[in-house]
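Below is one structure, written out as structure tokens; the observations come after it.
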Amino acid sequence: MKYFLSKNFWLLVIIVLAFVLRFYQLGLNPPHLNWDEASNAYNAYSILKTGNDEYGNFMPTLFKSFGDYNMALSVYPIVPSIAIFGLNQFAVRLPSALFGIVFVIFTYLLALKLFKSRFIALFAAFFIAISPWHLQFSRYDHEANFMQTFILIGLTAYFYLNKKITGLLALMLFFGLALNSYHGAKVWVPLLLLFLFIFDFKKIIKFKFKLLLPAFVFLFFALPIILNFQNSLIRGQSVGIAGQKQPLLTFFSGYLSHYNPNFLFTNGDSIGRHAVSGMGELYIFEFPLIVLGIVSVIASGQRRQKFLLGWLLLAAIPAALATPTPHALRAITFLPLWEIFAAVGVYCIKNAKISLVVKTAIFICFILIGLYNFITYLHLYYSHYPRQRAVDWQDGHRQVFEYIKKHEKEYSSIAISSYYGHPYIFTLFYMAYDPKTYQGNKNGQNGFGKFEFFSDTWSKTVPGTALVVTPFWQAHPPKVLEQVYSSDRDLRFIISKTEQ
Amino acid sequence: MKLILLIILSLIVLSVPKASLPICNIDTAKQAIPPRIFAEIAIDDNDQNVIFTRIVHNKTGIFMSEFSRCYFDVFDFNYLYRQLTIVGLLGLLLFVYKAVTLKRFSIIIIFLLLPLIPFFLLPEVILILVLKIFAVIGILYFIFL
């Protein structure tokens, strides 16, 4: 044990750092659950309590959700967390944060295998532990994070065991799990498999008939998609480029946009849930390191390392097949490539044939700029982000339901505006509404129990006093009970009540 | 035949109409400092430590961020594609690839310094010409070597 601890001291330090960065204020920042998180969480709660999803389907392999038929592993990993910690924001995000830590460990293992250098592996793990891109998606519940973690585990297992059929079996097992995590995997997993097959063709083809076993494993995991083919295409059809005027040009432009250094280092994704304003997806100090790393990998001529270059060229394809672009979430396929290249860059500087004084000066510069970038990121994430992006996270619903929970019994009906979208799912989540009771509703998105949801106007249908929740600008009964402010300090909701 | 192909591809790369970079230079970087500092500080807590505010929202940091934005505009692959066409873009990538594999690091450094031309208000046409020349050299490599 002592030997293990001393040998892996720095890796443990990095894991602790990754843990702190992923778990600090996990339930509080991002400031609110977005509707996808709420939907996944309530479906997980529903599975836990009844074995059915919100629509009453028993243990589904695709979750209908808002009609986009999410993959099974967008929901099931949350079930144990909700069973242990209850239906709350922390419990919903916990699996994603844990996957984030696993991702750091496997980045270390993959880099160690490909470069046979503990130095590179440690730096790659360190860079992914502090990566704004990876932190963003491991601090809220999104299945894309699960997908990429499964991909990374599969690849690592493959590279460690690729002389045996077990390597391929492990690869297919984890790629199969990835396939059932996120919509984008339907493009990314076959693409990466094909590339790996071409890359290691001679090695793989030697297995001959033994290949049937991994193929069977993969086919087994592909069954949920094959059996629900129409439904599993719905999401792709709604965001895909096929409907664009010039799909090929849109694809090409979208593909290139993911390599735009302004997207990577200065602006980031413009969608509020995907990035912190004022930052890129990567730290700017990593730019010279990444350039150096890519140059070094190209110049090295090492075949295994060149696998990373192929990955780099393919990673933008899934994201480019949809709009808008560049898209940090769909381009999560790039992780942990950039960080591995940056780590190789550090290694190059360390081994450069320059005087020790110059080398030390370079490292001091990098440490200072890196520290400045990191402190700025933390400040932007914890101080600016909740105030700038509260709307993107549908902030305000939680505060509304805290009020409703206290006063629910005083009213015969509760009407909630659907202006901010899908209020039914927030009601189910924050009221921890009994799934069994809800599953009996045929039209639950318009109302259930005491709750009614309306778009422009609402008129009373049930006798007695009603509680009405509207955006501040929407017509509401004159008797205002509460004004609800979101984290951006803006007035979000007015809670009012009708006369009897 | 190879020579004719080179001439045709080079003409394509050299003759495409020039696409402009977004207006981004030393002047715009300086101009962006006061409004950005104001906007950023307005989000902070009122009781935030002044020294900390100075560390995370300062002129140098914002200027460097604006400089990076201008610098990276040149390496936007969509800009390079519009400027050089797909043939030229592939030629340029091949040129850089060859420079790396042949360890001509001085050329790589020149390539990385190119964005300073528009940033320091020098005519953009210099940048475009150098990019096109590099792209044509890349095509030449592809055809003859």
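The values are calculated or read from the model by the stated rules, or taken from the named source; none is laboratory data. Values in this document were obtained by computation on a predicted structure and should not be read as measured data. Ideal geometry is used to build each Cβ from the backbone, glycine not excepted, and the neighbour counts take in all protein chains shown.
For this structure, a couple of remarks:
- Which listed residue is closer than 30 Å to B:Ile62 by Cβ and within 28 Å of the chain's Cα centre (by Cα), from A:Phe341, A:Phe366: A:Phe341
So that you can scan it fast, the table gives a plain yes or no per residue for (1) part of a helix (DSSP H, G or I); (2) over 15 Å from A:Val187 (Cβ atoms); (3) facing chain B (nearest Cβ under 9 Å):
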{"residue": "A:Ile226", "(1), (2), (3)": "yes, yes, no"}
{"residue": "A:Gly236", "(1), (2), (3)": "yes, no, no"}
{"residue": "A:Asp269", "(1), (2), (3)": "no, yes, no"}
{"residue": "A:Met279", "(1), (2), (3)": "no, yes, no"}
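Yes/no matrix, rows are residues, columns are (1) surrounded by fewer than 17 Cβ atoms within 10 Å (Cβ to Cβ); (2) touching a Ser or Thr at 6+ places or on another chain (Cβ under 9 Å); (3) over 27 Å from A:Gly67 (Cα atoms):
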| residue | (1), (2), (3) |
| --- | --- |
| A:Ile425 | no, yes, no |
| A:Lys460 | yes, yes, yes |
| A:Pro463 | yes, yes, yes |
| A:Leu467 | no, yes, yes |
| A:Pro471 | yes, yes, no |
| A:His476 | no, yes, yes |
| A:Tyr485 | yes, no, yes |
| A:Arg489 | yes, no, yes |
| A:Lys497 | no, yes, yes |
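- Among residues of the range B:125-145 that are assigned to a helix (DSSP H, G or I), those with a Cβ under 8 angstrom from a residue that is modelled with pLDDT under 90 and among the β-branched types (Val, Ile, Thr), sequence gap 6+ or separate chain, pair up as B:Lys132/B:Val13; B:Ala135/B:Val13; B:Val136/B:Val13; B:Ile139/B:Val13.
- Residue in the range A:466-473 that is part of a loop (DSSP other than H, G, I, E, B) and in contact with a Leu (Cβ under 7 Å, 6 or more places away or on another chain) present: yes
- Every residue from the range A:238-260 that is under 11 Å from A:Ala322 (Cα atoms) and either aliphatic (A, V, I, L, M) or within 21 Å of the chain's Cα centre (by Cα) (or both): A:Ser238, A:Val239, A:Gly240, A:Ile241, A:Ala242, A:Gly254, A:Tyr255
- So B:Ala29, is it within 17 Å of B:Val74 (Cβ to Cβ), assigned to a helix (DSSP H, G or I), of a type in the set (Gly, Ala, Ser) and touching a helix residue (DSSP H, G or I) at 6+ places or on another chain (Cβ under 9 Å): yes
- Residues located in the range A:426-459, provided they are modelled with pLDDT under 95 and β-branched (Val, Ile, Thr): A:Thr437, A:Thr457
- Restricting the first member to the range A:299-318 and to residues that are more than 24 Å from B:Arg104 (Cα to Cα) and in contact (Cβ under 8 Å) with a residue 40 or more places away in the chain, and the second to residues that are assigned to a helix (DSSP H, G or I) and among the basic types (Lys, Arg), the beta-carbon pairs closer than 7 Å and six or more apart or on different chains are A:Pro318/A:Arg330.
- Filtering A:Tyr381, A:Tyr347 for residues that are away from chain B (no Cβ under 13 Å), of a type in the set (Ser, Thr, Tyr) and either under 21 Å from the mean Cα position of the chain (by Cα) or surrounded by 15 or more Cβ atoms within 10 Å (Cβ to Cβ) (or both) leaves a single hit, A:Tyr347.
- Of everything in the range B:10-68 that is over 20 Å from the mean Cα position of the chain (by Cα) and touching a residue at least 24 places away in the same chain (Cβ under 8 Å), the residue that is nearest to the other protein chains (Cβ to nearest Cβ) is B:Arg36.
- Pair list, Cβ < 6 Å and 6+ apart or interchain, from the range A:481-495 residues that are touching a residue at least 40 places away in the same chain (Cβ under 8 Å) to residues that are acidic (Asp, Glu): A:Ser486/A:Asp395; A:Ser487/A:Asp395; A:Ile495/A:Glu482
- A:Pro326 vs. criteria touching a residue at least 40 places away in the same chain (Cβ under 8 Å) and assigned to a loop (DSSP other than H, G, I, E, B): yes
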